[in-house]
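Trainee: To start, I am sharing the structure in question, which I have written as structure tokens.
All of the numbers you see were taken from the coordinates with simple rules; none came from a lab. None of the values given here were measured: they were computed from a predicted structure. Cβ atoms come from the backbone with ideal geometry, glycine included; neighbour counts cover every protein chain shown.
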Amino acid sequence: MKVLVVGSGGREHSLCWAIAKSPKCSELFCAPGNAGTAALARNLDIEAEDLSGIIGFVKDNAIDFVVVGPEAPLVAGLVDKLDALGVKSFGPTAAGAELEGSKAFTKDLCAKYGIPTADYDRFDEPDAAKEYIRTHGAPIVVKADGLAAGKGVIICRNVNEAYAAVDQIMIEEAFGNAGTEIVVEEFLEGEEASFFALVDGESALPLVGAQDHKRAHDGDEGPNTGGMGAYSPAPIVDQAMADRVMAEIIEPTIKGMAAEGRPFKGVLYAGLMIDDAGPKLIEYNTRFGDPECQVMMMRLKSDVLEVLLACAEGRLAKTKLKWRDDVAMTVVMAAKGYPGKYKKGTEIKGLGAADAVDGVVVFHAGTAAGPDGTVIANGGRVLGVTAIGKDVPEARARAYEAVDLIDWPEGFCRRDIGWRAIKR
Ligand code: AMP
Ligand code: GLY
């Protein structure tokens with residue numbers, strides 16, 4: 001079967017790595033991919049957001065199955081276009097991806113179907129939002145409705161900060177069109193966790209837990225990023241909690257989406273806040289997390305292509321997943337300055353030595369092929385050094401052994417990935 005993976009990050013490299021192992025995969029393509037996917041797949045000179053470019057390639061090359069990594073092409077309707085062509089794909093339609101594309105849509109769905117989440121209201125003009133803030137008080141959270149590359153959420157400690165957040169999003173248009181509408185919601189206390197389930201429209205299959213590290217620097221300091229590291233399993237979501245999340249959040253979402261005429265297919269990635277009362281939904285993403293996907297692919301024993309196909313074909317009720325018991329950990333290496341300004345084009349050496357460490361795979365994110373077989377940095381998050389081990393200390397020792405073999409003075413990483421699991 002001819003498979004196309006859409007995207008260019010560490011998530012997509014890990015998907016290519018896992019899919020390439022499937023005996024079902026005869027040819028693998030990645031649009032546009034990176035220097036890592038080039039070793040496993042044929043990279044295409046087509047950007048992930050170039051829907052017509054992707055559709056043209058799929059038609060001309062009789063692609064059998066398309067796996068969509070990032071949210072932008074999902075929200076823009078790539079899966080709808082593939083459906084119209086009769087080509088199978090993994091990922092939600094635009095109507096399904098609305099769960100990530102519009103926070104207001106998701107909050108309304110939660111209200112209608114009794115899914116626990118922070119109290120909220122939605123606003124399309126600033127004065128009414130400020131009136132709501134004045135009556136509810138702080139702390140309070142102001143969110144741009146649409147996609148804002150993970151930056152559209154402002155946690156406000158006092159009412160003046162919240163007024164300023166409303167102005168920043170709605171008047172200064174800091175997130176462009178994403179802020180035409182906003183959600184203002186209650187500040188939730190508790191411990192954050194992520195939960196992932198595959199969904200085929202009707203049935204859901206929970207995946208293993210994975211914990212991300214969102215802040216740029218050690219000790220969870222510094223600005224929010226796309227994710228600086230991850231590990232799996234995540235001790236905070238035990239079996240009892242996973243059962244509750246399925247029953248109270250995931251299942252009602254699937255039923256609600258089907259009832260709304262938007263049957264959801266793909267991955268539901270739930271951001272949760274857990275306290276003594278139980279789990280509450282903070283937000284949904286409708287794709288694999290990055291770098292959470294890397295640790296999951298490292299632990300998955302089942303044929304991933306079979307699993308993603310079962311999801312696309314509505315066969316999840318009959319699908320079982322097999323996982324390695326081991327712990328997987330990813331340490332992200334980013335260009336100095338990320339998530340702010342950073343340099344591209346610097347050379348990365350030592351990748352071979354790092355990859356040769358026992359239990360280690362170096363997934364590429366923002367990399368490109370340089371002259372004479374060199375690899376150069378081509379983005380903010382550049383590598384996802386991923387290791388498997390019998391426990392957190394072993395996985396962590398291996399990951400950092402590999403990190404230390406990588407010779408890239410212009411890069412940095414957090415040195416404390418997994419600290420919560422170790423503290424427990
Ligand atoms: P989101 O993009 O919605 O996941 O929000 C980014 C981060 O903001 C989350 O990971 C939480 O740490 C925080 N956050 C979002 N909403 C809330 C809330 N209602 N209460 C507390 N923290 C929140
Ligand atoms: N690692 C967070 C995300 O993929 O959104």
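Trainee: Given contacts defined as C-alpha pairs under 8 Å and at least six residues apart, what's the relative contact order of segment 95-156, whole-number percent?
Mentor: Once normalised by length, the contact order is 31 percent.
Trainee: Note the direction-averaged projected area, equal to a quarter of the hull surface, for the Cα convex hull of segment 290-334, in nm².
Mentor: 3.8
Trainee: Further, regarding this structure: Roughly how many Å is it from the Cα centre of segment 261-297 to that of segment 122-162, as a whole number?
Mentor: 23
Trainee: Across 10 Å bins from the origin, how do the percents of Cα pairs in segment 209-271 run, short distances first?
Mentor: Binned Cα distances yield the sequence 18, 35, 30, 15, 1.
Trainee: Run through segment 167-201 and list the chymotrypsin sites (Phe, Trp or Tyr not before Pro) located in a DSSP loop whose Cβ has at most 16 other Cβ atoms within 10 Å.
Mentor: Passing both the DSSP loop test and the Cβ count: Phe187.
Trainee: Would you work out the relative contact order for segment 131-197, in percent, from Cα pairs under 8 angstrom that are 6 or more residues apart?
Mentor: Reported relative contact order: 37 percent.
Trainee: Next up: As a footprinting exposure proxy, order Glu248, Glu313 by other Cβ within 10 Å, with the fewest listed first.
Mentor: Glu313, Glu248
Trainee: Quick one: plug the Kirkwood hydrodynamic radius of the chain (C-alpha pairs) into Stokes-Einstein at 37 °C, 0.692 mPa s, and report D in µm²/s.
Mentor: 150
Trainee: Further, regarding this structure: Within segment 127-227, list the GluC sites (Glu not before Pro) lying in a DSSP loop whose Cβ has at most 12 other Cβ atoms in a 10 Å radius.
Mentor: When the GluC sites (Glu not before Pro) of segment 127-227 are filtered for loop state and at most 12 Cβ neighbours within 10 Å, Glu172, Glu189 remain.
Trainee: Can you tell me which lysines have their Cα less than 25 Å from the Cα of Lys24? Leave out same-chain residues fewer than eight positions away.
Mentor: Lys2, Lys59, Lys81, Lys88, Lys265, Lys301, Lys318, Lys320, Lys322
Trainee: Within 12 Å, Cβ to Cβ, of Ala377, how many net charges do the neighbouring residues add up to if Lys/Arg are +1 and Asp/Glu are -1?
Mentor: Summing Lys and Arg as +1 and Asp and Glu as -1 gives +3.
Trainee: Right, another one. For segment 294-424, build the convex hull from the C-alpha positions and give me its volume per residue in Å³.
Mentor: Taking only Cα atoms, segment 294-424 has a hull volume of 144 Å³ per residue.
Trainee: For Glu192 paired with Gln168, estimate the spin-label separation in nm (one decimal), with each label point 7 Å from Cα along the Cα-to-Cβ line.
Mentor: Using points 7 Å along Cα→Cβ, the separation is 1.5 nm.
Trainee: Quick one: among Pro32, Pro126, Pro206, which has the greatest mean-square fluctuation in a GNM of the chain with alpha-carbon springs under 10 angstrom?
Mentor: Pro126
Trainee: Take the Cα pairs of segment 165-303, get the Kirkwood Rh, then feed it into Stokes-Einstein at 20 °C and 1.002 mPa s and tell me D in µm²/s.
Mentor: 129
Trainee: Follow-up question, since we're still on this one. Using only helices, what value at 222 nm comes out for the chain when you add -39,500 (n - 2.57) per DSSP H run of length 4 or more and divide by the total residues, to the nearest 500 deg cm²/dmol?
Mentor: It comes out at -8500 deg cm²/dmol, rounded to the nearest 500.
Trainee: Could you grab the relative contact order for the chain? Cα pairs under 8 Å, six or more apart, rounded to a whole percent.
Mentor: Worked out over the chain, it gives 16 percent.
Trainee: Turning to a different aspect of this structure: Distance between the C-alpha centers of segment 13-32 and segment 75-117? Whole Å please.
Mentor: About 25 Å separates the Cα centre of segment 13-32 from the one of segment 75-117.
Trainee: Using Cα springs under 10 Å in a Gaussian network model of the chain, which residue among Ile169, Ile388, Ile250 shows the largest mean-square fluctuation?
Mentor: Sorting by GNM fluctuation, first place goes to Ile169.
Trainee: Taking only Cα atoms of segment 372-424, what ratio of Rg to Rh do you get with Rh as the Kirkwood inverse-distance radius?
Mentor: With Rh from the inverse mean 1/r over Cα pairs, Rg/Rh is 1.03.
Trainee: Still on this structure, I have one more. Using just the alpha carbons, could you tell me how many Å³ per residue the convex hull of segment 12-68 encloses?
Mentor: In segment 12-68, the Cα hull volume divided by residue count equals 75 Å³.
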